[in-house]
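The values are calculated or read from the model by the stated rules, or taken from the named source; none is laboratory data. Small disclaimer: the values here were computed from a predicted structure and weren't measured. Reconstructed Cβ throughout: ideal geometry from the backbone, glycine too, with neighbour counts over all protein chains shown. Note: accessible area is taken over every heavy atom of the protein model, side chains too, but ligands, DNA and RNA are not part of it. Shrake-Rupley method; radii C 1.70, N 1.55, O 1.52, S 1.80 Å.
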Amino acid sequence: LLIEATAGGLGSLLTACLLYPVDTAKTKIQSGRASGSTLQTMREIAQDRLLDLYNGLSAKATHTVVQNFVYFYFYEWYKALYLGFGLKVSTLGNTACGVAAGVSNLTLTLPLETLSVRIQAEGRAPGGSRRSVAALARELVAEGRAGMWRGLGVSSILSLNPALTVAVFDGLKARVLSALSRGQAERVRVLSVVQSFVLGSLAKVVATLITYPLIRTKAVMQVQRGEAGRAGMALTLARLLREEGFAGLYRGCGAQIFTAVSKSGIMLTTKEQLAAFALGLVLLLRRKRVK
């Protein structure tokens with residue numbers, strides 16, 4: 001469990017750092033703070049200072065590592081529990097384990113995610129100043145549980161997204177490894193970097209297209225404050241549909257798919273390689289102890 005969780009956490013940290021500027025632009029577009037394309041939004045953010053593209057990176061990195069470590073730990077734990085009941089491995093079973101892991105994860109990490117989204121969506125004041133991370137954190141804490149866990153309902157539904165991604169990836173991975181092992185003296189157990197990236201990317205595209213309207217709704221809910229911030233998922237989704245039409249529900253979808261696919265591909269690829277390396281190291285140490 002710890003090997004899979006640590007590999008997932010480290011893999012997600014790498015992707016968060018590499019793709020953070022695009023992620024910042026995507027958040028501004030989704031929250032309604034920007035209306036241009038991803039590249040145009042990135043140029044606007046970087047007009048004053050190039051480093052503004054990386055504003056809040058430390059908070060995002062912390063959230064990403066904690067979120068993915070917790071998610072993969074629970075995911076592997078639920079899978080072991082599932083198999084312990086004598087049930088067979090299946091895409092549906094993996095999806096159920098992923099949803100359960102996602103909901104468990106949210107109870108611990110949603111406040112960190114909300115803070116990260118607010119930092120990314122925050123603009124500069126007329127004087128050119130920007131509120132600090134500490135100030136935004138204090139504001140969020142002052143809102144209490146309603147603010148810190150805002151969007152818990154829609155986030156719980158969206159746990160289907162990573163669940164679908166990991167389930168589809170695991171299903172494709174099993175089939176590819178089975179195909180690669182045919183005619184081989186020893187069973188192939190690890191995907192190559194290219195194979196992991198392609199399968200991870202394909203799995204994420206499917207999951208993102210299905211769930212994107214809820215992803216947009218969640219982003220809008222997390223940056224709202226006051227009375228507007230108390231609107232639930234259904235009201236927020238209805239308002240977006242009324243004001244922006246069906247196309248508005250997919251505003252920023254291109255940036256979301258690019259970052260999500262890239263993150264998923266890189267993260268799952270890194271996770272596979274790190275997990276294989278860690279497992280090999282553990283087995284080597286055990287052999288030395290036996291000798």
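Across region 76-98, which residue is farthest from S159 (Cα to Cα) among those that are buried (at least 21 other Cβ atoms within 10 Å of the Cβ) and at pLDDT 85 or above?
Step by step, filter region 76-98, then rank; the result is K79.
Answer yes or no: is there a residue in region 57-75 that is over 25 Å from Y20 (Cα atoms) and surrounded by 19 or more Cβ atoms within 10 Å (Cβ to Cβ).
Yes, region 57-75 contains a residue that is over 25 Å from Y20 (Cα atoms) and surrounded by 19 or more Cβ atoms within 10 Å (Cβ to Cβ).
Please list, ordered by first then second residue, the pairs with beta carbon atoms under 6 Å, 6 or more apart or interchain, first in region 171-185 and on the phi < 0 side of the Ramachandran plot, second loosely packed, with under 11 Cβ neighbours inside 10 Å and not small (G, A, S).
What qualifies is S181/R187.
Condition test on F69, is it more than 21 Å from I215 (Cα to Cα), at pLDDT 85 or above and part of a helix (DSSP H, G or I)?
No, not satisfied.
Okay, residues lined up against (1) touching a strand residue (DSSP E or B) at 6+ places or on another chain (Cβ under 9 Å); (2) open to solvent by 40 Å² or more (accessible area, probe 1.4 Å); (3) under 30 Å from S35 (Cα atoms); (4) not hydroxyl-bearing (S, T, Y):
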position	(1), (2), (3), (4)
A135	no, no, yes, yes
E139	no, yes, yes, yes
S155	no, no, yes, no
A174	no, yes, no, yes
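Taking region 102-133 as the search range and keeping residues that are open to solvent by less than 30 Å² (accessible area, probe 1.4 Å) and hydroxyl-bearing (S, T, Y), which one is farthest from the chain's Cα centre (by Cα)?
Restricting to residues being open to solvent by less than 30 Å² (accessible area, probe 1.4 Å) and hydroxyl-bearing (S, T, Y), the top hit is S104.
Tell me whether region 16-30 contains one or more residues that are closer than 26 Å to L152 by Cα, at pLDDT below 85, part of a helix (DSSP H, G or I) and open to solvent by 10 Å² or more (accessible area, probe 1.4 Å).
yes
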